[in-house]
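Below: the structure, in structure tokens.
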Amino acid sequence: MARVYLSLGSNIEAYTYIAAALDELAESFGELIISSVFESEAVGFDGDNFLNLVVGIDTSLPVGSLSKQLKQIEDAHGRERSGPKYSGRTLDIDILTYDDKQGVIDGVVLPRDEVLKNAFVLWPLAEVAGDECHPQLGVSYQTLWQQYRVPQKLWKIDFEWRQKKISFAQ
């Protein structure tokens, strides 16, 4: 089994689509490791704020099969792929890491470069996998987060899933 970390994001009916994604991931992969849910301003375009989080799963699926399954989940929840890269979306699920694999595997770049670029990816990843190391840098995600200096506005929010509060505002 591989430990995989996924980034989830939405800025269209975000509470609904994030909860639906968590339901489908739990149904497919069992117990989830779930970070706090963060709200952030849109990056790269003017749009509604996003909700973002990181989810850890264990899977025996190869990278390409996992990527295909995640795209099917996105599509089932109205993901529009014909618009610009930076635009609003119902659901975005990206593979951040797959064990310690590196390079392009089945068309997926691992580890995903957004890990080092975006606070809305690195902060929740540091929260759920802080002691684990970036496969290329050999530095823990907690250390990378502590050293992160790119100004991005983001904050933890209250979020309930399956009648349980899984995230708490600060």
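The values are calculated or read from the model by the stated rules, or taken from the named source; none is laboratory data. All of these numbers come straight from a predicted model, not from anything done at the bench. Heads up, the Cβs are rebuilt from the backbone with ideal geometry, glycines too, and the neighbour counts pull from every protein chain shown.
Can you name the residue in the range 34-71 that is closer than 28 Å to Ile105 by Cα and among the hydroxyl-bearing types (Ser, Thr, Tyr) and, of all such residues, is nearest to the chain's Cα centre (by Cα)?
So, considering only residues that are closer than 28 Å to Ile105 by Cα and among the hydroxyl-bearing types (Ser, Thr, Tyr), the one nearest to the chain's Cα centre (by Cα) is Ser35.
Conditions tested, residue by residue: (1) touching a Lys or Arg at 6+ places or on another chain (Cβ under 6 Å); (2) of a type in the set (Val, Ile, Thr); (3) more than 30 Å from Asp48 (Cβ to Cβ); (4) assigned to a loop (DSSP other than H, G, I, E, B).
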residue: Val109; (1), (2), (3), (4): no, yes, no, no
residue: Leu116; (1), (2), (3), (4): no, no, no, no
residue: Pro124; (1), (2), (3), (4): no, no, no, no
residue: Val128; (1), (2), (3), (4): no, yes, no, no
residue: Leu137; (1), (2), (3), (4): no, no, yes, yes
residue: Lys165; (1), (2), (3), (4): no, no, no, no
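Considering only residues that are of a type in the set (Lys, Arg) and at pLDDT below 95, look in the range 124-163 and name the one that is nearest to the chain's Cα centre (by Cα).
In this case the residue turns out to be Lys153.
Pairs under 8 Å by beta carbon, first residue β-branched (Val, Ile, Thr) in the range 1-26, partner in a loop (DSSP other than H, G, I, E, B), six or more apart or different chains?
Close Cβ pairs satisfying both conditions: Val4/Asp99; Ile12/Asp48; Ile12/Gly78; Ile12/Gly88; Ile12/Arg89; Ile12/Thr90; Ile18/Leu91.
Please work out if Val121 is β-branched (Val, Ile, Thr), at pLDDT 95 or above, within 19 Å of Asp58 (Cβ to Cβ) and in contact with a strand residue (DSSP E or B) (Cβ under 6 Å, 6 or more places away or on another chain).
Criteria not met by Val121.
Looking only at residues that are under 18 Å from Gln102 (Cβ atoms) and small (Gly, Ala, Ser) in the range 114-147, which one is surrounded by the fewest Cβ atoms within 10 Å (Cβ to Cβ)?
Looking at residues that are under 18 Å from Gln102 (Cβ atoms) and small (Gly, Ala, Ser), I get Gly138.
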